[in-house]
Amino acid sequence: MKLRTRPGALATRQVLVLGLLTALGPVSIDLYVPALPTLQHDLDASGGAAQLTLAGMTLGLALGELCIGAWSDRVGRRRPLLLSCTVHLGATVGCALAPTVTALAGYRFVQGVGAAGGSVLVLAIVRDIAAGDRLARLVAQVTVVTTTAPLLAPVVGAELLPLTGWRGVFGVLAVASALLLLVTWRTIGETHRPDSGATDVVRRVRAVLADRSFRQAAVVGSAVSAGVYAYVAASPLLLQDVHGLSPRSYGLVFLANSAGLVAGVRLSGWLTPRRGTPVVLAGFAGATLLTASALRPLEASFGLAGLLAGLWLFVASCGGCFPSAAALAVGRQADQSGTASSLYGFAVFTASGLVSPIAGTIGFTDATTVACVLVGTSSVAVVGGLRVLRSTREPSVRPPSG
């Protein structure tokens, strides 16, 4: 089954499905985030243990991404993509039935492995059919869907929570996963000719890591994603336990901040053809540092309203980084785009999984701890963004235009 499309273009329905596939991991996280305090109480778990269910998901995403890309270079994209969706479905059912927080963390890990197929293989599929400016445009289109899809997840989760409990939230996610598997099977065909030479994984990995543009993009993408996941992990406890928001109110706040993420993605897509990918990436990386540094002063001066404004600006700035970082990571990797996408995703989700529980483990009574974590991730992103900007005139970091 071939993907029917013009060179460098995707049908609207294909953009939608690819965006949803990439969003499978974020939706799996966001849908149950409002239930973290309830889950913690029901399973008699500490705050750190409850957040380990988030870390388990992100570490599963990292491991799954590391493995699946090189395999797709060898056998094609379609078979690994369908298998990944099936694994995600099975693990989601396991999450709904988990008897302990340890079992839930384990199922979340497997769920992350399954969801990894979306983010890795969608980026590889887009690179299979486009390069250069067309690649950046398609990545932006898919990213808009990817960032829009999780918008309703925390709101839906907050509405479901009093009706079904946190287990019912996972039940709804299982139904959505099954539907996405069916739609993927009917809509997304093969874009990559199987390559028996792709068994030399070491050679492909070395080729990807030798590309300076990949390394620089991975630094920025990993740091920014770690900041977003740290915000996701800490925000329900900070906003509900410290500032007293109800699960429903928190869901609405999360919705507004997710809209900020979409706004950042769209602004990045508008600016890129006018200013260039390196300038846009470095600029938004700098904005993440400025907004993260302002969180505690805003909270101290204006209370909850100031904190919410600062978080919105931080998340929007992160959204502006994502399309540029992903496009730079795979732009020069036509021969091993699956491997490049895997390595990029592994770096991104490993950083996210390691950083996300830090604030909750340390504990907090205001935004100071959260702000310190976000300032740390943003500082790394700024260093990476400046390196991208410095390398802008060097041919070795420019994506191909054909």
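What follows is calculated from the coordinates using simple rules that are stated; it is not laboratory data. Keep in mind the model is a prediction, meaning the values are calculated, not measured. All Cβ positions, even for glycine, are placed from backbone atoms using ideal geometry, and neighbour counts span all protein chains on display.
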* Helices from the chain with mean Kyte-Doolittle at least -0.5 and a Cα length along the axis of 20 Å or more, per DSSP H: which? -> 12-30, 47-75, 78-97, 101-129, 132-148, 153-187, 212-236, 247-275, 277-330, 337-355, 368-390
* Asked: What is the distance in Å between the Cα centres of the range 300-315 and the range 171-190?
  -> 37
* **Rounded D (µm²/s) - the range 41-193, Kirkwood Rh over Cα pairs, Stokes-Einstein at 20 °C, 1.002 mPa s** => 129
* Is the shape of the range 284-402 rounded, prolate or oblate, going by the alpha carbon gyration tensor and its root eigenvalues a ≥ b ≥ c, with a/c under 1.5 for rounded and a/b larger than b/c for prolate? -> prolate
* **Net lengthening on full extension, Thr365/Val93 (0.36 nm per residue, minus Cα-Cα)** => 94.4 nm
* Structure fact -> Which residues qualify? For Glu190, with a placed amide H closer than 5 Å and at least 5 residues away or on another chain, they are Lys2, Leu3
* Paramagnetic reach from Leu290 (point 7 Å along Cα→Cβ, amide N under 11 Å) across the range 264-283 -> 283
* Structure fact -> Simple SL model, points at 7 angstrom along Cα→Cβ for Phe302 and Thr86; separation in nm is 5.1
* **Isotropically averaged projected area of the range 89-158, using the convex hull of Cα atoms (one quarter of hull area), nm²** => 5.8
* Residues Trp270, Trp166, Trp312, Trp71 arranged by fewest to most Cβ contacts within 10 Å -> Trp270, Trp312, Trp71, Trp166
* Asked: So if R0 is 22 Å, what FRET efficiency would Ala309 and Arg248 give, r being the distance between their Cβ atoms, rounded to the nearest 0.05?
  -> 0.60
* Structure fact -> Once Ala334 and Leu209 are pulled to full extension, the length gained, defined as 0.36 nm per residue separation minus their Cα-Cα distance, is 43.6 nm
* To do: Under 1.5 on a/c is rounded, so check that first for the range 155-308, then, if it is not, pick prolate when a/b is larger than b/c and oblate when it is not; a ≥ b ≥ c are the square roots of the alpha carbon gyration tensor eigenvalues.
  => oblate
* Structure fact -> Once both label points are put 7 Å beyond Cα along the C-beta direction, the Val183-Thr164 separation in nm becomes 1.7
